[in-house]
1. May I ask which residue of Val34, Leu79, Phe44 lies farthest towards the positive end of the charge dipole of region 1-125, with charges of +1 (Lys, Arg) and -1 (Asp, Glu) on Cβ and the Cα centre as origin?
2. For region 207-230 and region 34-82, what is the separation of their Cα centres, given in Å?
3. Among Val148, Val69, Val124, whose Cα lies farthest out toward the positive end of the dipole of region 1-159, if unit charges sit on the beta carbon of Lys, Arg (+1) and Asp, Glu (-1)?
4. Give me the number: length gained by fully extending Cys90 to Lys76, i.e. 0.36 nm times residue separation minus the C-alpha to C-alpha distance, one decimal in nm.
5. Taking DSSP loops as anything outside H, G, I, E and B, show the longest stretch in the chain free of trypsin sites (Lys or Arg not before Pro) there with at most 12 other beta carbons within 10 Å.
6. Order by neighbour count: Thr136, Thr163, Thr3, Thr180, fewest other Cβ atoms within 10 Å first, most last.
7. Suppose R0 equals 45 Å; then what is the FRET efficiency for Asp134 and Thr15 from their Cβ-Cβ distance, rounded to the nearest 0.05?
8. Assign unit charges at the C-beta atoms only (+1 for Lys and Arg, -1 for Asp and Glu), then state the dipole size of region 17-92 relative to its Cα centre in Debye, rounded to the nearest 20.
Amino acid sequence: METSEILGVKISKVTMEQAVDAAASFSARGVCVVFTPNPEIIMFANSDENYKKALNSADMLLADGIGVVMAASLLKRPLPERVAGYDFVCRLLKAGYSFYLLGAKPSVAERAAQKLINSGVNVVGHHHGYFDDDDTIIADINEKKPDVLLVCLGAPKQEYWITQNKSQLPNCICVGAGGTLDVLAGEVKRAPSFVQRANIEWLYRAIKQPSRFKRLLIIPKFLFKIIGGE
Ligand code: UDP
């Protein structure tokens, strides 16, 4: 798969359509690992070699965030479009796959599972994200054999967890999907579609969750680093 390298992180040059198709064909042969780096994740990888290695070991890295698409253009290694992790998961949810949900607080994981089941999604298993015993979780995932495993432990925890455990997972599309379960449970609201289309979802999220505001400062730092010659 062609990639566009941003601060050492190899973002896949794919549209949403191509990402969904590629995930299906990779997972027929093994575990298809998908990560969704945003500027914050790329900046962290740039300062941490182990994390960068974990990210680049994925089968696909989706450009989650308009900042990543802008950086690729500034570097003259353009990406076809933004492929937001949450939207990618939504596409998989509509494709008739079975799902295992791993992550979020216990009540949130439960509510996300229930909401998906009520909307007709085949959720074969779920577990909250505050566990110590990987083996029990991995055994449960192997017993349930989902088509898609959503690992929502936040970054960098979810990328390390998937990289360390993928050899023990059944063939599936395994997505490091951050706060996706919080949104699916209705805990966190996605921005209205006009805000998404205007590419200012990052601003909306920061206003809605002021605790995230500090994290926004990373975006100008990221773009300055790109303009300044990586
Ligand atoms: N989380 C978890 N286990 C942990 C730490 C975090 O399940 O040990 C969950 C947390 O409850 C939240 C998600 O990981 O549901 C992280 O969400 P956030 O929005 O911070 O992720 P991002 O998409 O920004 O990486």
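Since every read-out is calculated from the coordinates, none of them should be taken as a lab result. Just so it is clear, the model here is predicted, and its values are computed rather than measured. Positions of Cβ are backbone-derived with ideal geometry, glycine not excepted, and every protein chain shown enters the neighbour counts.
1. Among Val34, Leu79, Phe44, the one farthest towards the positive end of the dipole of region 1-125 is Val34.
2. Cα centroid to Cα centroid, the span is 14 Å.
3. Val69
4. Net length gain for the segment: 2.0 nm.
5. So the longest stretch without any such site is 95-188.
6. Final ranking by Cβ density, sparse to dense: Thr136, Thr3, Thr163, Thr180.
7. After rounding, the FRET efficiency stands at 0.85.
8. The dipole of region 17-92 has a size of about 180 debye.
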